[in-house]
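The values are calculated or read from the model by the stated rules, or taken from the named source; none is laboratory data. These numbers were taken from a predicted model, which means no experiment stands behind them. Quick reminder, even Gly has a Cβ in these numbers, built from the backbone with ideal geometry, and neighbours come from all protein chains shown. Ligands, DNA and RNA are stripped out before the accessible areas are found, and what is left, the full protein with its side chains, is counted by its heavy atoms. Shrake-Rupley method; radii C 1.70, N 1.55, O 1.52, S 1.80 Å.
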Amino acid sequence: MNSVDLFFQQSHYNIIRVLLSISGLWPYHTTSKRRAIYFGFLLVFGSGLTFEVLGMIEVWPDSYEVVDCLPLLVLGAVSMIKLVCAVYTLPEITILLTKMQDYCLSLKSNEETNILHSYALYGRNLGYAYMGILFSHTVVFVFATLLTKLLDTGSSNNNSSSITHETQVGLFYHVNYIVDVETYYVPIFIHSATCVVFYTLLMITFDVLYLTLVQHCCGLFQALRYRLEYATKLENENGDLILVSGQDKIHSNILYSIRRHAEAIKFVTIMEAIYRIPLFVHVGANISILSILGFQVITNTENINRVLKYASYLSALLVNTFFENWQGQKIIDSSEKVFESAYNAEWYKMSPEQRKFLIMIMMKSKKPLQIIAGNLVALSYVNFNAVIRTSSSYFMLLRSIQ
């Protein structure tokens, strides 16, 4: 077994190893195994998107039905794009996984080890929580859709925005399987539900990997801050801090900090390269989908089953949008605090040459690192607010032309 694979299997990062393995993105599996998984995903995605597009073409004259089809179609398209981008950037993902192992196994102080351990543990728990939240929303979405079939009373709404073809009741979106939907409802429902679950699985895999990498970065910056703030001290065998005797130890601590800071910056740079296109596509898609889902919730308030279906999708998308921007904000905050720690270091106990090295770190960390989607949008709380405001504007536009 590969040493990196074994390391992740025995660490708090095992969650990402499992998810990447299921998605065919674990780089330490054989090429044939990964290709077989890719073929399965492409088969599901290709068939699902094909039937969705055919369904949209069938209702094309009805603009409201077309809008109703868009959220799931966009979700499938974004999932496909993310999978393709992940396969294309698999060498970069391999580099990051190797760097994570190298840092965890490298020599460092007890406190740095504890810091990294705490961030890895937090990332694992947050990953499980995020995965549970999205899958629970998916389960609600699937069962709410099924209930529209089981509890359908044949009632119809006169509002043109909520017209639903009777043959399509109980399906996630309007589809065209080129067969009679009523006769083959069960296999059609199972196939469409499988597509939705696969979309969610791939979304979770990509986001949990993103979360794991961000938490590791935060651990790197926190450990670096500790080393800077206590550059004039050294841990003894019991883990207690004692004053460093001589300038050689201080000099070593400063050089060690510079090296760790450069490694952290390189790590963020590679991570940004991996997520630059997928996050840009996802952020752009979320703006339109959020407005459409809000419109669907408002216009179906009299049908509890349809409201529950759309509300579960809307809620999951809001969680997803906030999550991605939240992690981007954590990178900004963690990298920005390095400047504060370097500024608060006991520079007066250092030689002039060591102070120059400290200034180098301060200059490098003065501008915080960011995850920039498409080289245009920096993921942060500010961007989340902008996405919500823009989606609200499009939602009001849809309401005005209803």
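Odds and ends about this structure:
- Other residues lying with their Cβ under 13 Å from the Cβ of K82 contribute a combined charge of -1, Lys and Arg counting +1, Asp and Glu -1.
- Lysines whose Cα lies under 21 Å from that of K82, excluding same-chain neighbours fewer than 8 positions away: K33
- Relative packing of 274-282, 176-184, which averages over residues the other C-beta atoms within 10 Å, highest first: 274-282, 176-184
- Low-density loop positions, GluC sites (Glu not before Pro), region 287-385 - DSSP coil, at most 16 other Cβ in 10 Å: E302, E346
- Size descriptors for the chain: radius of gyration and Dmax over Cα atoms are 25.2, 85 Å.
- The label point for T194 and the one for T113, both projected 7 Å from the Cα toward the Cβ, are 4.8 nm apart.
- Percent accessible area from carbon and sulfur atoms, the chain, protein chains only, probe 1.4 Å: 63 percent
- Think of a 1.4 Å ball rolled over the protein heavy atoms: region 1-142 then has 46 Å² of accessible area per residue.
- MRE, 222 nm, helices only [DSSP H, n ≥ 4, -39500 (n - 2.57), over the chain, to nearest 500]: -26500 deg cm²/dmol
- What the Cβ-Cβ distance of Y184 and I388 gives, at R0 = 25 Å and to the nearest 0.05, is a FRET efficiency of 0.05.
- Point-charge dipole on Cβ atoms (K/R +1, D/E -1) for the chain, about Cα centre, debye to 20: 1220 debye
- About the Cα centre, charge dipole magnitude for region 260-402 (Lys/Arg +1, Asp/Glu -1 at Cβ), debye: 180 debye
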